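Notes for the one structure printed next.
The values are calculated or read from the model by the stated rules, or taken from the named source; none is laboratory data. Given the structure is predicted, the values throughout are model-derived calculations rather than measurements. Note that each Cβ is placed from the backbone with ideal geometry, even for glycine, and that neighbours are counted across all protein chains shown. Accessible surface areas use protein heavy atoms only, side chains included; no ligands, DNA or RNA. Shrake-Rupley method; radii C 1.70, N 1.55, O 1.52, S 1.80 Å.
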Amino acid sequence: MPAGRHFLQIPGPSNVPDRILRAMDYPTMDHRGPAFAEVGRKALEGMKRIFRTEARVVIYPSSGTGAWEAALVNTLSPGDTVLMYETGHFAMLWQKLAGKLGLNPVFIEGDWRSGADAGAIEARLREDRSHEIKAVCVVHNETSTGSVTDVAAVRRAMDAANHPALLMVDTISSLASIDYRHDDWGVDVTVSGSQKGLMLPPGLSFNAVSDKAMRASENAGLKRSYWSWAEMAGPNDTGYFPYTPATNLLYGLNAAIDMLEEEGLEAVFARHRRHGAAARAAVAAWGLEVLCKVPSDRSPVLTAVLMPEGHSADRFRAVTLRNYDMSLGNGLSKVADRVFRIGHLGDFNDLMLIGTLAGVEMGLRDACVPCRAGGVQAAMTVLGEKFAQDRAAA
Ligand SMILES: *Cc1c(COP(=O)(O)O)cnc(C)c1O
C-alpha cells in the first residue's frame with residue numbers, strides 16, 4: 001500500500017468522512033426492537049428535508065439502480081410509454097432498464113454535451129395529444145458527462161404542454177451537492193443513492209414520492225414485491241421496515257444528515273459551485289476542453305475533460321494512479337477513453353481540490369499529454385476570490 005491517503009476523485013463513490021465511518025462503527029441493533037424506531041424515523045424524516053419534500057421518502061438497501069427500477073415498477077404498467085432524454089451514459093442505462101421491464105421508452109437523442117433540453121421535451125409532449133406518455137424521466141446531474149438538467153424548466157415545459165405525465169428525476173449524483181427541490185419543482189418520483197453527495201458508502205437508495213405518484217401506484221400494473229412502496233408505507237410510519245434494512249448504513253445516513261444540516265444545505269451547494277468553477281478554471285488554463293458545452297449546464301459535482309485528439313484518457317488515468325495514488329473517473333461507453341472525470345463532491349474542501357488538481361496536472365505532464373501548466377494556480381485564484389469578496393464586504 002502506498003503511504004498517505006488515497007485520493008478517491010471519481011464522481012462517486014465519494015470520500016466518506018471519518019465522522020460517518022465512526023457513526024457506522026457501532027453494534028448492529030435489532031431492527032424490530034424498540035430502539036430502532038428512533039434510527040428509522042430520523043433517517044426517513046431527515047431525508048424529507050434533504051429532498052425538500054413533505055411527501056413520503058422510501059429507503060432501500062440497494063445501489064441507485066434499484067431505486068430507478070422502484071420508481072418505474074411502482075407507477076407504470078406494461079407497455080406504458082416513457083419519455084427519456086439522452087443526456088449521457090446514465091440516462092441510457094435507465095432507458096435500457098425501462099425497456100427490460102416491458103415499458104416503451106422513447107428517447108430524445110442528445111450529444112452528451114449538455115443537460116436535457118426542456119424545449120424538446122415540451123415539443124414531444126405537445127405532439128402526444130392522446131397522452132400515451134405516462135412519465136418523463138430525466139437525470140439531474142449526468143455523471144458521465146458533467147452536465148446538469150434544469151429540472152424546474154422541465155416541470156414548466158410539462159405544464160406548458162398541459163401534459164399529465166409523471167415527472168421522474170435521477171438525483172443519484174446531485175442530491176446534497178446541487179440545489180434540488182422535490183416539492184417546489186413538482187417532481188413525482190425522485191431517485192437517489194447514498195454514495196455520492198450523501199458521503200456514505202454505496203448501499204442505500206431512495207425514492208421521494210409525490211401524492212400523485214402514490215395514487216398512480218395503486219393502479220400500476222407492473223409486478224413488484226421487494227420494491228413495493230405499499231409494503232414499505234405501513235412499517236415506515238412507525239420507523240420500521242418490512243425487511244431487514246441496512247442498519248449500519250442508516251446510522252451513517254443519520255450522521256450525514258446532521259453534517260449537511262450543520263453546514264447548511266445552501267452552504268453545501270455554494271461550496272460545490274465554487275469547487276466546480278475552480279476546477280473548470282484549471283481545465284481552461286491547461287488549454288483543455290470541458291465536455292459540457294453549455295456553460296450554465298456545467299456540473300458543480302464533477303468535471304469531465306476531453307483529451308486532446310490521439311491521446312488516451314485511460315492511459316493518463318493509469319499513470320496518475322500509479323504515480324500519485326489518485327483515482328479519476330473514466331469515460332463511459334460513447335466517450336470511453338476520450339474523457340476523464342474529476343470528482344469534486346461530497347466531503348471535500350479547498351485543499352483537497354488543489355491536491356486533486358495538482359495530481360491531474362502532474363499526471364498530464366507525466367503522461368506527455370500536450371497541455372499547459374498553471375491549472376492549479378488558476379484554481380487557487382478562483383478559490384481566493386471568495387476571501388477577497390469577504391474582505392471587501394467586511
Ligand atoms: C452512480 C449513478 C447511477 C448508478 O447508481 P448505482 O448506485 O451504481 O446503481 C445512476 N445514475 C446516476 C446519475 C449516477 O451518478
Hey, does segment 203-212 have a residue that's open to solvent by 10 Å² or more (accessible area, probe 1.4 Å) and outside any loop (DSSP other than H, G, I, E, B)?
yes
Selection from segment 182-230 of residues that are under 14 Å from the mean Cα position of the chain (by Cα) and charged (D, E, K, R):
196
Hey, can you tell me all the residues within segment 231-265 that are touching a Ser or Thr at 6+ places or on another chain (Cβ under 8 Å) and acidic (Asp, Glu)?
231
Given the conditions (1) in contact with a helix residue (DSSP H, G or I) (Cβ under 9 Å, 6 or more places away or on another chain); (2) under 27 Å from residue 111 (Cα atoms); (3) open to solvent by less than 30 Å² (accessible area, probe 1.4 Å); (4) more than 10 Å from the ligand (Cβ to nearest atom), report the number of the one that residue 140 does not fulfil.
(4)
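Name the single residue that is nearest to residue 118 (Cα to Cα) among those in segment 154-181 being under 18 Å from the mean Cα position of the chain (by Cα) and away from the ligand (no atom under 15 Å from the Cβ). Reasoning before the result, please.
Narrowing segment 154-181 to residues under 18 Å from the mean Cα position of the chain (by Cα): 154, 167-181.
Next cut, away from the ligand (no atom under 15 Å from the Cβ) only: 154, 167, 179, 181.
On the way: 154: 5, 167: 12, 179: 18, 181: 17 Å.
Here the residue is 154.
Being crowded, with 24+ Cβ neighbours inside 10 Å and more than 20 Å from the chain's Cα centre (by Cα) narrows it down to one residue among 72, 125, 101, 76; which is it? Outline the logic, then answer.
Values: 72 fails: more than 20 Å from the chain's Cα centre (by Cα); 125 fails: crowded, with 24+ Cβ neighbours inside 10 Å; 101 fails: crowded, with 24+ Cβ neighbours inside 10 Å.
Answer to the selection: 76.
With respect to residue 255, determine if the residue is buried (at least 16 other Cβ atoms within 10 Å of the Cβ), over 18 Å from the mean Cα position of the chain (by Cα) and of a type in the set (Gly, Ala, Ser). Let's see the steps before the verdict.
Numbers: buried (at least 16 other Cβ atoms within 10 Å of the Cβ): yes; over 18 Å from the mean Cα position of the chain (by Cα): yes; of a type in the set (Gly, Ala, Ser): yes.
Spelling it out, residue 255 is indeed buried (at least 16 other Cβ atoms within 10 Å of the Cβ), over 18 Å from the mean Cα position of the chain (by Cα) and of a type in the set (Gly, Ala, Ser).
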In this structure, is residue 98 of a type in the set (A, V, I, L, M), closer than 19 Å to residue 79 by Cβ and in contact with a strand residue (DSSP E or B) (Cβ under 7 Å, 6 or more places away or on another chain)?
yes
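Have a look at 300, 308 and point out the one that is over 19 Å from residue 364 (Cβ atoms) and not assigned by TED's automatic domain parsing to the domain that holds residue 144. Before you say what the answer is, go through the steps one by one.
Values: 308 fails: over 19 Å from residue 364 (Cβ atoms).
Residue meeting the stated conditions: 300.
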Neighbours by Cβ (under 6 Å, 6+ apart or cross-chain): first from segment 186-197, at pLDDT 95 or above and among the hydroxyl-bearing types (Ser, Thr, Tyr); second open to solvent by 10 Å² or more (accessible area, probe 1.4 Å) and within 8 Å of the ligand (Cβ to nearest atom):
192/172
Residue in segment 325-346 that is open to solvent by 60 Å² or more (accessible area, probe 1.4 Å) and either more than 27 Å from the chain's Cα centre (by Cα) or more than 28 Å from residue 116 (Cβ to Cβ) (or both) present
no
Any residue that is within 16 Å of the ligand (Cβ to nearest atom) and either at positive phi or touching a Cys at 6+ places or on another chain (Cβ under 8 Å) (or both) - is there at least one of those in segment 44-59?
no
